[in-house]
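Enquirer: Just passing along the structure, written as structure tokens.
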2 protein chains.
Amino acid sequence: MTTLLKNIPSLDIDRFVQNLMNAPNRHTITHRNQKMQFHICRLSEIDDASPLDKPHIYDFFTIYFVEAGSLAKINQLESLQLNAKEVFFSKPGEIKTWQKMKGLKGYLLSFTIDYLLMLINDKNIINSFDYLMPDSQRKFALDEANFAYYQNVFNELGKEYAEPKLQSTELIRFWIFVLLIKTNRLHQEQHQLVKPKKLTRSSDVICAKFLKLLDETFTDLAKGTIMKPPRIKEFAELLNVNPTYLGECVRKSSGKSAKSIINRKTLLLAKCQLLHTQNNISEIAYQLGFESPGYFIRFFKKFEELTPLEFRKSMSA
Amino acid sequence: MTTLLKNIPSLDIDRFVQNLMNAPNRHTITHRNQKMQFHICRLSEIDDASPLDKPHIYDFFTIYFVEAGSLAKINQLESLQLNAKEVFFSKPGEIKTWQKMKGLKGYLLSFTIDYLLMLINDKNIINSFDYLMPDSQRKFALDEANFAYYQNVFNELGKEYAEPKLQSTELIRFWIFVLLIKTNRLHQEQHQLVKPKKLTRSSDVICAKFLKLLDETFTDLAKGTIMKPPRIKEFAELLNVNPTYLGECVRKSSGKSAKSIINRKTLLLAKCQLLHTQNNISEIAYQLGFESPGYFIRFFKKFEELTPLEFRKSMSA
């Protein structure tokens, strides 16, 4: 009998840090009186034998800044390689699996959205960071000048956390924004965008709302908070638009069909369930909203060239 | 016939910059479509023959950061010397006179309070910066580490202004906050404060409100918007407290009597009027709220050891 769960557990910063660090360190204790909302540590401080080797839904932002060495991790079930002078952003709601790391130098920064936005009156500022939108590139290579800039910011964040002084909490927030804006520029430069996406067209606004709702929905589905994914018709209802119009907006703004975006999400969660839960194929099929296991098997095979069961076996071998 | 005015004129960033710079520069033009809310320039860019040699009430914050050389200026009618590796803060409502400068290196930063607080939901954050409270020390000497820190921030601000990129306006705001918090710590260290002033005692809160109201009142008086300074009784009414209690709070919190604080403000404005307006002694006496010119003359002589007229003559000689 395995200890596999029916759903993907979610993870907060407290548990994340307890698992990453060999023992609760000084800072962990200092901040223990309230739910941890911010944490920064050196990648070299992280315990090599972390028990987070099962996927979790992280409910906070993480930023990896690699100074030296390299790191392989699983993000949204896809493997991700981070090398020296690279920075990587992940956001709340993503399914991640921790991987062992050795001889790495750099920083790992974690913070919740509430922590970040506490002082800010325009909560939509977060939507101005294009690379945090669904399906965006989140990994950036840093040239010498940018590397020095990021290193300075991470060093300041590390100092503010290790030795808090007057208004450290506020200062940390401002430094994170410096980092987020700087990265927005890297995103613009490295992806040759002519101008920043301003979400002025109504189709862009509706598509962004749809992608956000979709993200939230699949997080709830993975956690088991809801039992079935909504269909496009239901998304349209929630967004107060006509389903055909929703489809047009999504295609116009993202270049993809709403259906293909939902399929990608469904496949990701299916793979996650197959690998990390003990649920059988029928249970997974119904949980993901398929009318029968047969439909689910055909859907899965179309994209993966394996049946769900073959996939489960191939990965556990 | 001189061109002296009846009141001290106020100055916004637009006019300040037009006067400081020999000609409107590129940035001035770029930002011309709206009222200027932020400006940064190198001290070496400033025209040596600025026409701002009369006092003005500045309606914005300025920060001087001196890298090399030294600068003498008049702030609130008192002369102020700034040397290399010093930083100086002034806030809206202060009466300042521009002084010539030569061979100076560093930065001059100007911004309005609206610009600074645009993104921030807690507008009271400004009160957490102790050195911006009335009668605080605003000049700070920088050691090597702090000098490097400030230089980095000013260089970043200079770059963001000279070559605006994606989200420069937001980034500038965050950098200014980094500067303000860092300076709050300098203030705490250099003035040996045991802990930051939190304004938790009711006497501190009332005293802070009184000082703020007093500042605003004297600015209005200098501008000619109001015709007579309020008395302590009237301040107490505006603050909704008993005059005796107000006096106790002010003494408890500031160590000075409310009367002596008002006297200091009155004297400052009197000197300003004597030097820079053509108003006669009677006019100045009544404007400052004295019942007769005789009272004003006695008041003035008590502090300055000269009559108002002797003072006016001695300074214009």
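Enquirer: Within the stretch A:271-288, track down each residue that is β-branched (Val, Ile, Thr) and either open to solvent by 30 Å² or more (accessible area, probe 1.4 Å) or under 19 Å from A:Arg231 (Cα atoms) (or both).
Expert: Restricting attention to the stretch A:271-288, the residues satisfying the condition of being β-branched (Val, Ile, Thr) are A:277, A:281, A:284.
A:Ile284 - this is the single residue of the stretch A:271-288 that is β-branched (Val, Ile, Thr) and either open to solvent by 30 Å² or more (accessible area, probe 1.4 Å) or under 19 Å from A:Arg231 (Cα atoms) (or both).
Enquirer: Return the total of residues in the stretch A:92-135 being of a type in the set (S, T, N, Q) and away from chain B (no Cβ under 14 Å). Write out each step before concluding.
Expert: Kept after step one, since they are of a type in the set (S, T, N, Q), are these residues of the stretch A:92-135: A:97, A:99, A:110, A:112, A:121, A:124, A:127-128.
From the residues that got through so far, the ones that are away from chain B (no Cβ under 14 Å) too are A:97, A:99, A:110, A:112.
Here the count works out to 4.
Enquirer: For the stretch B:273-285, which positions are in a helix (DSSP H, G or I) and under 25 Å from the mean Cα position of the chain (by Cα)? Explain how you work it out, then say what you get.
Expert: So the first thing to find is which residues in the stretch B:273-285 are in a helix (DSSP H, G or I), and the list is B:273-276, B:281-285.
If the condition is that a residue be in a helix (DSSP H, G or I) and under 25 Å from the mean Cα position of the chain (by Cα), then B:Gln273, B:Leu274, B:Leu275, B:His276, B:Ile284, B:Ala285 are the ones that fit.
Enquirer: Within the stretch B:214-244, which residues are over 19 Å from B:Gln273 (Cβ atoms), in a helix (DSSP H, G or I) and touching a residue at least 40 places away in the same chain (Cβ under 8 Å)?
Expert: Quick first cut of the stretch B:214-244, residues over 19 Å from B:Gln273 (Cβ atoms) only: B:231-244.
Checking which are in a helix (DSSP H, G or I) leaves us with B:232-238, B:243-244.
None - no residue of the stretch B:214-244 is over 19 Å from B:Gln273 (Cβ atoms), in a helix (DSSP H, G or I) and touching a residue at least 40 places away in the same chain (Cβ under 8 Å), so the list stays empty.
Enquirer: Which one of these does A:Lys233 not meet: (1) under 21 Å from A:Ser10 (Cα atoms); (2) in contact with a Pro (Cβ under 6 Å, 6 or more places away or on another chain)?
Expert: All conditions pass for A:Lys233, except number (1).
Enquirer: Report the residue count in the stretch B:140-194 for those that are surrounded by fewer than 17 Cβ atoms within 10 Å (Cβ to Cβ), more than 11 Å from every other protein chain (Cβ to nearest Cβ), under 24 Å from the mean Cα position of the chain (by Cα) and in contact (Cβ under 8 Å) with a residue 60 or more places away in the chain.
Expert: Summing the residues that are surrounded by fewer than 17 Cβ atoms within 10 Å (Cβ to Cβ), more than 11 Å from every other protein chain (Cβ to nearest Cβ), under 24 Å from the mean Cα position of the chain (by Cα) and in contact (Cβ under 8 Å) with a residue 60 or more places away in the chain in the stretch B:140-194 gives 2.
Enquirer: Shifting gears a bit: For the stretch B:245-261, how many residues meet the condition of being more than 14 Å from B:Val205 (Cα to Cα) and in a helix (DSSP H, G or I)? So that I can check it myself, show each step before the final result.
Expert: So the first thing to find is which residues in the stretch B:245-261 are more than 14 Å from B:Val205 (Cα to Cα), and the list is B:255-261.
Next, only the ones that are in a helix (DSSP H, G or I) stay: B:258-261.
Going through the stretch B:245-261 one residue at a time, the tally reaches 4.
Enquirer: Yes or no: B:Glu291 part of a helix (DSSP H, G or I) and surrounded by fewer than 20 Cβ atoms within 10 Å (Cβ to Cβ)? It would help to see each step written out before you state the result.
Expert: Working: part of a helix (DSSP H, G or I): no; surrounded by fewer than 20 Cβ atoms within 10 Å (Cβ to Cβ): yes.
In short, no.
Enquirer: Please find, among A:Lys233, A:Lys228, A:Lys313, the residue that is modelled with pLDDT under 90, over 18 Å from A:Gly93 (Cα atoms) and open to solvent by 70 Å² or more (accessible area, probe 1.4 Å).
Expert: None of the other options fit; the residue is A:Lys313.
Enquirer: Could I ask something else about it? Looking at the stretch A:196-213, can you tell me whether even one residue there is without any contact (Cβ under 8 Å) to a residue 40 or more places away in the chain and crowded, with 17+ Cβ neighbours inside 10 Å? Spell out the reasoning first.
Expert: Initial filter on the stretch A:196-213 (without any contact (Cβ under 8 Å) to a residue 40 or more places away in the chain): A:198, A:200, A:205, A:209, A:213.
So of that shortlist, the ones also crowded, with 17+ Cβ neighbours inside 10 Å come out as A:209.
The answer is yes, given that some residue of the stretch A:196-213 is without any contact (Cβ under 8 Å) to a residue 40 or more places away in the chain and crowded, with 17+ Cβ neighbours inside 10 Å.
Enquirer: Still on this structure, I have one more. Could you tell me which residue of the stretch A:236-259 is nearest to A:Gln287 (Cα to Cα), considering only residues that are within 21 Å of the chain's Cα centre (by Cα) and open to solvent by 30 Å² or more (accessible area, probe 1.4 Å)?
Expert: Filtering first and then ranking leaves A:Lys256.
Enquirer: Of the numbered conditions (1) open to solvent by less than 50 Å² (accessible area, probe 1.4 Å); (2) under 25 Å from A:Ala285 (Cα atoms); (3) at pLDDT 90 or above, A:Leu268 fails exactly one; give the number of that condition.
Expert: (3)
Enquirer: Just for the stretch B:98-137: of the residues that are touching a His at 6+ places or on another chain (Cβ under 9 Å) and buried (at least 16 other Cβ atoms within 10 Å of the Cβ), which one is farthest from A:Leu116 (Cα to Cα)?
Expert: Here is the first cut: in the stretch B:98-137, the ones touching a His at 6+ places or on another chain (Cβ under 9 Å) are B:98, B:108-111, B:129-131, B:136-137.
With buried (at least 16 other Cβ atoms within 10 Å of the Cβ) added as a condition, the list becomes B:98, B:108-111, B:129-131.
Details: B:Trp98: 41, B:Leu108: 30, B:Leu109: 27, B:Ser110: 27, B:Phe111: 24, B:Phe129: 21, B:Asp130: 24, B:Tyr131: 26 Å.
Among residues in the stretch B:98-137 that are touching a His at 6+ places or on another chain (Cβ under 9 Å) and buried (at least 16 other Cβ atoms within 10 Å of the Cβ), the one farthest from A:Leu116 (Cα to Cα) is B:Trp98.
Enquirer: Further question on the same structure: Output the residues belonging to the stretch B:29-49 that are at pLDDT 60 or above, in a loop (DSSP other than H, G, I, E, B) and within 25 Å of B:Gln151 (Cβ to Cβ). Walk me through how you get there before you give the answer.
Expert: Start the filter on the stretch B:29-49 by keeping residues that are at pLDDT 60 or above, which leaves B:34-49.
Retained after the next criterion (residues that are in a loop (DSSP other than H, G, I, E, B)): B:34-37, B:46-49.
Correct list: B:Met36, B:Gln37, B:Ile46, B:Asp47, B:Asp48.
Enquirer: Somewhere in the stretch B:64-71, is a residue within 14 Å of another protein chain (Cβ to nearest Cβ) and touching a helix residue (DSSP H, G or I) at 6+ places or on another chain (Cβ under 7 Å)? Give the steps one after another, and end with the answer.
Expert: Within the stretch B:64-71, the subset within 14 Å of another protein chain (Cβ to nearest Cβ) is none.
No - not one qualifying residue is present in the stretch B:64-71.
The values are calculated or read from the model by the stated rules, or taken from the named source; none is laboratory data. Computed from a predicted structure; not experimentally measured. As a convention, Cβ positions derive from the backbone with ideal geometry for all residues, glycine included, and neighbour counts pool all protein chains shown. For accessibility, only protein heavy atoms count, side chains too; no ligands or nucleic acids. Shrake-Rupley method; radii C 1.70, N 1.55, O 1.52, S 1.80 Å.
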